[in-house]
Amino acid sequence: MTSQRALVVGAGLGGLRTAEALRTGGFTGEVLVVGDEDWAPYNRPPLSKEALAGELAHDKLAFRVRSNAADVVWRHGVRVDHADLDGRAVTLADGERLTYDVLVAATGVSARRLPIPGPPATAAGGRHVIRMLDDAIGLRAALVPGAKVVVLGAGFIGCEVAATARKLGCEVHSVAIDAYPMVRPLGVDLASELQRRHEAQGVVFHLGVGVSEFVGDEHVTGVVLSDGTRLDADVVLEALGSRCNVEWLEGNGLDLTDGVLTDTALRPLRDGVPVDGVAAVGDVVRFPNRRFDDRAWRVEHWNIPTDSGRRAGAVLSAWLAADGYDEVTTADWTLLPAFWSDQYDTRLQSYGMPGLADADGIRVLEGSLDDECVVGYHRGDDLVGVVGVGMLRVVNGYRDRVGRGLVGP
């Protein structure tokens, strides 16, 4: 009998956790993981936080592979060009064809770039992004004392890098089209308080404006804003969100409008029908989470690759074994998104989906905004998110209260 193969495309945390879950689920065939980075799976959130200010060494960030997955085969520096779901095969960029019995899409996201004139969109040209270890290594080398840094985008990654750059002695300007930094998930009151804290550390904000031009030939020397303001720059960070790495799945009839649309078993949907033997995990999956409602959401939080990888591994193991598959796929499965953010001496910890809150549903539950506090985010009577500024033990006490309003008994 020919050995079965589980092919995981994407060698990050989601791919690693899925591979481990396949083994936990009893799958004994080949598990092959391919990824376009040269690094084994590593912890990405610290790249814009503590690791950026310290030692960016892979061995300090790498995940330990559990013993049950020691025989997983890893192929790094390999890019998948196209998948043929009906033929159960993928084609690599070099033309090699790999067949599979089950397939996992764990390709994550890439950083968005601004399509405007200027020097090359490369670290050598002074234009940085920060999604991968190599990105962080290049950016860290440029964050020298006195460097003029312009951060485009005032979300969490942009604000974390702004804080780190200030601590390293850089001059920092933050540019965003929003009226406040981090306002979309946090709301005006908390966002404006965090802006005040950044300004007290010397960050200069330019809000409600876009970017019209990068100045410089081979290396960026400045940024021209949409209101005509010119900012001198040695370093530009484009922290402008992400795009899903789904091009390799095109042509298979899937909904790829915002990641891979799946059912609660993480099986991609084709005309509303789940595709058995295939799963999507991590930042790239858009799935219903009945902890909040019946709509499908794509969430880029640190726990999603682990939770979705475990779910996908259990589903695919049952399908391969032809044992208990219906029971596994129909089991109620929900998860609680979580993330943290370090900015100066402030630790933010969030549970749930604060961005779902009503405009008038955001209020301080404990503490005060100008010190430490816990902020609750409500949709109607339901607590859909909670954010702690400090007060870690207190905010952790709210996690089990989040998002329960629409979940059945």
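The values are calculated or read from the model by the stated rules, or taken from the named source; none is laboratory data. Values in this document were obtained by computation on a predicted structure and should not be read as measured data. Counting neighbours? That spans all protein chains shown, and the Cβs are built from the backbone with ideal geometry, glycine included.
Remarks
- Restricting attention to region 71-101, the residues that are among the small types (Gly, Ala, Ser), over 26 Å from the mean Cα position of the chain (by Cα) and over 18 Å from residue 316 (Cα atoms) total 1.
- Tallying residues that are among the charged types (D, E, K, R), under 21 Å from residue 248 (Cβ atoms) and part of a loop (DSSP other than H, G, I, E, B) within region 264-317 yields 5.
- Exactly one residue out of 352, 397, 388, 361 is farther than 14 Å from residue 185 by Cβ and among the small types (Gly, Ala, Ser), and it is 397.
- Condition check for residue 369: part of a loop (DSSP other than H, G, I, E, B), in contact with a Leu (Cβ under 9 Å, 6 or more places away or on another chain) and modelled with pLDDT of 95 or more: yes
- Count of residues meeting criterion [among the hydroxyl-bearing types (Ser, Thr, Tyr) and over 24 Å from the mean Cα position of the chain (by Cα)] in region 161-175: 0
- Taken together, 175, 209 contain a single residue that is closer than 27 Å to residue 346 by Cβ, part of a strand (DSSP E or B) and hydrophobic (A, V, I, L, M, F, W, C), which is 175.
- Selected residue (criterion: nearest to residue 269 (Cα to Cα)) from residues of region 68-95 that are out of contact with any strand residue (DSSP E or B) (no Cβ under 9 Å at 6 or more places or on another chain) and at pLDDT 90 or above: 86
- Count of region 118-147 residues which are assigned to a helix (DSSP H, G or I) and either surrounded by 17 or more Cβ atoms within 10 Å (Cβ to Cβ) or β-branched (Val, Ile, Thr) (or both): 8
- Some residue of region 105-115 being under 30 Å from residue 265 (Cβ atoms), without any contact (Cβ under 8 Å) to a residue 40 or more places away in the chain and in the same structural domain as residue 9 (by TED's automatic domain parsing): no
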